[in-house]
Amino acid sequence: MQRSERLPLFRANGEVRLSGRWGVEALAGLPHADEGYELTVIEAGVVVRALAPHGLFNGVVSLLQLLPARAPLDADIALDCLHVVDAPRFAWRGVLLDVGRHFFPVPFILKVLDVCAFYKITRFHWHLTEDQGWRLEVKAYPKLTEKGAWRGGDADGTGRYGGFYTQEQIREVVEYAAQRFITVVPEIELPGHCRAALACYTHLSCLDDAQMETVPTQWGVHADVYCAGKEEVFHFLEAVLLEVLQLFPSPYIHIGGDECPKDRWQKCALCQARLREQGLEDEYALQSWFVGRINAFLRAHGRQLVGWDEILEGGLSPGAIVMSWRGVGGGVRAAQAGHEVIMTPTSHCYFDYRQSMQSDEPGAWYACLPLETVLEFDPADSGEPMRAASGGSEAHLGLGFGGEAAGDAGDGDGSDGRTSEPGAVLEPEFAGNIIGGQANLWTEYIADKDTVEYMLLPRLAALAEAVWSPPPPPRGAPPLLPGFLARLRAQLPHLDARGLKYRPLG
């Protein structure tokens with residue numbers, strides 16, 4: 001074998017070659033062809049061809065998935081001959097990790113990114129701010145991490161819980177992800193889920209109450225939010241976001257926008273004055289105005305706002321991307337209005353949910369999301385209920401391949417009332433506005449690294465397959481699960497070799 005400087009270190013019988021924009025006519029017309037690749041294994045060697053570097057990367061990852069997990073560097077490896085032409089269905093293939101409720105250090109974040117790369121995940125949604133902790137260093141407002149990053153403990157700091165990322169560490173993570181063709185999308189929550197920030201700067205709330213000077217230790221939705229009537233709130237948020245923009249080259253900035261109680265705004269003289277001044281109908285419209293002002297700031301700096309589906313309430317800001325989590329209804333409405341949408345419904349994408357209802361299963365006590373349900377996820381479902389998963393199909397990517405195979409490739413938070421809207425139907429002409437799907441791992445009930453891995457895996461493999469592959473077969477077709485499990489079992493040695501604490505099958 002001739003070693004290529006761009007190829008991971010392994011040996012095989014024959015030659016491995018990578019090539020760029022020639023001889024890849026088979027990719028023409030495939031969706032997201034810049035991520036597509038052609039992988040050929042013949043007696044003379046292995047060839048990976050693509051139109052762009054990202055495609056070459058994906059081709060090499062597929063090749064690595066075919067190789068033994070623990071082969072010595074000087075080993076001769078036999079591979080079955082095959083020919084694969086492959087490209088993803090969706091560009092946004094994401095994973096959210098909540099580090100606000102429980103904090104995870106940089107080495108573990110890099111480990112998660114490696115797992116994401118192995119399954120061709122393209123977006124790492126980093127939930128950095130919460131009621132219970134602010135995790136991002138902001139030089140203009142040092143109290144956010146001096147105080148807002150910590151909760152509980154004694155007055156002298158003994159026994160407190162928390163942590164934060166320095167700006168240098170943020171840059172390290174962003175660069176590490178970029179090398180794996182993963183975009184890190186930061187989330188800075190507003191107008192709600194901001195109690196940690198308000199504990200540091202109470203004047204940004206409606207009440208400016210000394211009782212808010214403690215970072216909350218309890219989960220749930222807190223009534224205190226940023227005051228919509230104070231200009232200093234927007235000075236603060238814009239200063240924070242300017243530093244965020246310097247740290248994250250992502251074209252997307254997530255602002256949350258979810259679960260914002262209106263109690264304080266209803267009783268706040270300044271918020272009511274703002275409402276009248278802007279000619280707004282109610283507090284939902286006031287939230288829309290609040291988000292719209294932040295959207296205008298981000299657009300002026302060349303970035304695109306992403307928010308949870310509550311940003312639809314009161315009117316959707318121009319160019320905003322909707323992340324639909326309370327079922328698919330919000331996403332369907334946004335797509336029909338011409339907005340880009342990421343589908344991430346609780347029914348299929350909330351990885352904090354238990355994987356079974358056994359009493360010893362970790363995760364949120366109130367819901368269950370088994371592997372087979374994740375596998376049946378279709379972000380652009382036309383309105384038919386996503387059918388219950390129970391069995392197998394031809395190989396989709398995530399583990400094996402989702403493209404055209406020939407030759408020997410063969411078959412190669414507490415209970416929150418989140419519900420789907422009945423009757424939501426996505427017409428075919430709007431399906432192109434669905435840009436992908438995402439797994440969300442909230443950490444109220446996940447306090448350590450091993451449990452994060454257990455909750456992610458192997459469900460992330462199923463999610464990766466679902467958002468890469470063509471639409472699931474119609475009702476009455478052979479079930480997906482058996483074939484997927486066969487491919488998954490072949491992949492478990494790779495997870496073992498990386499020391500990942502995945503949930504055992506069976």
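The values are calculated or read from the model by the stated rules, or taken from the named source; none is laboratory data. Small disclaimer: the values here were computed from a predicted structure and weren't measured. SASA here: full protein model, heavy atoms, side chains in, ligands and nucleic acids out. Shrake-Rupley method; radii C 1.70, N 1.55, O 1.52, S 1.80 Å.
Over 24 Å between Cα atoms, which of K143/K267; K111/K147; K120/K449; K111/K143 qualify? Intermediate values should be presented prior to the final figure.
On the way: K143/K267 28 Å; K111/K147 28 Å; K120/K449 21 Å; K111/K143 29 Å.
Cα-Cα > 24 Å for K143/K267; K111/K147; K111/K143; rest within.
Tell me the per residue accessible area of the stretch 92-497 using a 1.4 Å probe; a whole number in Å² is fine. Write out the running numbers ahead of the final one.
On the way: 14560 Å² over 406 residues.
The answer is 36 Å² per residue.
Ignoring ligands, DNA and RNA, what percent of the accessible area of the stretch 92-497 is carbon or sulfur (1.4 Å)?
51 percent
How large are Rg and Dmax for the chain when calculated on the C-alpha trace, in angstrom?
Cα-based Rg and Dmax for the chain come out at 23.5, 77 Å.
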